[in-house]
Amino acid sequence: MNVQDRIKKSHIAIMQHKTFCSFGSILACGKVKVGDDVPTAATNGWDVIYNPDFVDQHMKLDPELRFLVLHEAMHKAYRHLQVWQVLHEEDAQLANIAADHFVNLSLVDMDAGEGFIKMPTLGVQPDAKYRGWSVKQIFEDLKQEQEEGGEGEGGSGEQGFDEHDWENATSGDPTKDAERANEIQRAIRQGEIIRRKMAGKGAGNEDGAFGDLLQPKIDWKKVLRDFITETCAGRDESSWRKPNRRFLSYDVYMPSMVGTTMTELVIGFDTSGSIFGGHEMTVFASEIKTIIEDIKPTKVHVIYWDTAIAGHQTFEEGQFAVQDLKPKGGGGTDGSVLFEYLREQRITPQAIVQFTDGYVGDWGKTDVPTLWAVSSDLVAPFGTTIRVEA
C-alpha cells in the first residue's frame, strides 16, 4: 500500500473511531498532498503535506501514521499558526516546540492507552508537566529554561516530526482567511456532534477533543440576553418599579424593560500578567464565543487590556470564530483604561461586558450598562457582577 492510500486509510479509521471521529470534519478542511516539498510533514493551518520517504521510514505502523495525521489536524483545529504568530516572531523554534508539546500530550491523553494512536519515537515527546497548559504558557516555560542555560525541553536539539509553515498561515486575502476560520469552526462543531452520536450521548463533552473551545460554563444565552434586552435597549425609567424576577437569583435588582436588537457590544478582555496564557484566558474565550453566537450583535468590539489597550478586534454580522481571537497583553492591570479608550475613540455601545479576575486596581467608570464577568469573589463597584468559574 502506497503512502497516499495509507493516509486515506488513516482518515477512514479516524472517522470511524468513537473518540477521534471528532477530527473527521477537520481532516476535510484544506488539501492533502504527498510529495517531497518538505522533508517530513507540514501544515500551514489549512493544507497538509506528507513526504512519502519520511512516512515510509518513520511511520511504518498504522497507529504512528494516525498520530501524525491527527497531529496536523489538531494544529488546524486550534489554528496555532494563526493565533500564535506573535510567539513565532519572538522565537520560531520555541514556538514550534510549544505547539507540539500541546498537541502531542493532548493526543496521548485522548488515546488513554487504547493504542489507536502511537507517539513516534522521534519528535517532541509528551511531558505531563504541561498537562492543561496553553501554548503560550509552555512557550514561556521553555523560554525560561533556555535563559537559565538548561538543556531540557527548551534545548536546541529537540525537533518535531513536522514543519510549521508560519509564513503561509494566512493567504493575504482577509475574506478568504475568514471563510477558512469559519469552516474550521463549523468542522469542530460537526465533529463533536458525530462524536456524541457515536458515543450514544445526547449531551456532555467531558471526553471530547475540543471541550475548551466548545463548552461554556455560564448560560450566557439567558444571563446576557436578559441583561442586554432589559437594561440596555428600549429603556423605560418607570419599569424600575417592577423588579425582574429572573435576576433576583443573582441578588441583583434589575428592571423589567422591553428590549430591541443588540447593535453594538464591547467585550473587554483582561489580558494582564495574572491571566495571560493561563486557563482563565481559555475560559474567557469560550464565553466570548458563546455570547456572540447567542446574542448575535450587529457589531462586536473585543478589546484586550492590561495597563493600556493591547489590542482591538472588531467582528461584524456574526463573522466570528473563537480561533480568530488574538489576545495581547501580559503586563500590569488597570481596569479604567478600557472606558477611557472607548471615550477617546467615540465608541458608544449599548453594553459592555468586562472579563477579568477582578484584581484591576482602578475599576474605572462609565455610563454604559456594564456586566462584569469575574473569575474571583471580587465585586465591581458599579454595573452588574457575575462569577465565572475558571
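The values are calculated or read from the model by the stated rules, or taken from the named source; none is laboratory data. Values in this document were obtained by computation on a predicted structure and should not be read as measured data. With ideal geometry, Cβ positions are generated from the backbone for all residues, glycine too; neighbour counts draw on all protein chains shown.
Within the set 258, 252, the sole residue that is at pLDDT below 70, part of a loop (DSSP other than H, G, I, E, B) and under 23 Å from residue 364 (Cα atoms) turns out to be 252.
Annotation: of all residues in the stretch 163-215 being hydroxyl-bearing (Ser, Thr, Tyr) and over 24 Å from residue 98 (Cβ atoms), the one that is modelled with the lowest pLDDT is 175. Mind checking whether some residue in the stretch 308-317 is under 30 Å from residue 169 (Cα atoms), assigned to a loop (DSSP other than H, G, I, E, B), outside the structural domain of residue 76 (by TED's automatic domain parsing) and not hydroxyl-bearing (Ser, Thr, Tyr)? Yes: one or more hits. Put simply, of 378, 342, 371 the only residue that is in a helix (DSSP H, G or I), in contact with a Ser or Thr (Cβ under 9 Å, 6 or more places away or on another chain) and either closer than 19 Å to residue 264 by Cβ or of a type outside the set (Gly, Ala, Ser) (or both) is 342. In the stretch 34-71, the residue that is surrounded by the fewest Cβ atoms within 10 Å (Cβ to Cβ) out of those that are aromatic (Phe, Trp, Tyr) and in contact with a strand residue (DSSP E or B) (Cβ under 8 Å, 6 or more places away or on another chain) is 54.
Among the residues making up the stretch 124-143, a single one is modelled with pLDDT of 90 or more, part of a loop (DSSP other than H, G, I, E, B) and buried (at least 20 other Cβ atoms within 10 Å of the Cβ): 124. Restricting the stretch 267-294 to residues that are surrounded by fewer than 20 Cβ atoms within 10 Å (Cβ to Cβ) and under 11 Å from residue 330 (Cβ atoms), the residue that is modelled with the lowest pLDDT is 278. Within the stretch 149-160, does at least one residue satisfy the condition of being farther than 12 Å from residue 97 by Cβ, at pLDDT below 85 and surrounded by fewer than 11 Cβ atoms within 10 Å (Cβ to Cβ)? Checked against the condition, which is being farther than 12 Å from residue 97 by Cβ, at pLDDT below 85 and surrounded by fewer than 11 Cβ atoms within 10 Å (Cβ to Cβ), the stretch 149-160 yields at least one hit.
Of the residues making up the stretch 342-390, those that are polar (S, T, N, Q) and loosely packed, with under 15 Cβ neighbours inside 10 Å are 345, 348, 376.
Only a single criterion out of (1) aliphatic (A, V, I, L, M); (2) assigned to a helix (DSSP H, G or I); (3) buried (at least 21 other Cβ atoms within 10 Å of the Cβ) is not satisfied by residue 15, namely (3).
When 328, 299 are checked against the criterion of being free of Cβ contacts under 8 Å to residues at least 40 places away in the same chain, surrounded by 15 or more Cβ atoms within 10 Å (Cβ to Cβ) and not assigned by TED's automatic domain parsing to the domain that holds residue 181, a single residue qualifies: 299. Taking (1) modelled with pLDDT of 95 or more; (2) closer than 29 Å to residue 330 by Cα in turn, residue 51 satisfies each apart from (2). Of the helices (runs of 4 or more DSSP H) contained entirely in the stretch 24-111, those carrying at least 1 residues that are without any contact (Cβ under 8 Å) to a residue 40 or more places away in the chain and out of contact with any Asp or Glu (no Cβ under 8 Å at 6 or more places or on another chain) fall at 52-58, 85-90, 92-111. Residue count for the stretch 77-109 under the criterion of being buried (at least 20 other Cβ atoms within 10 Å of the Cβ) and in contact with a strand residue (DSSP E or B) (Cβ under 9 Å, 6 or more places away or on another chain): the result is 7.
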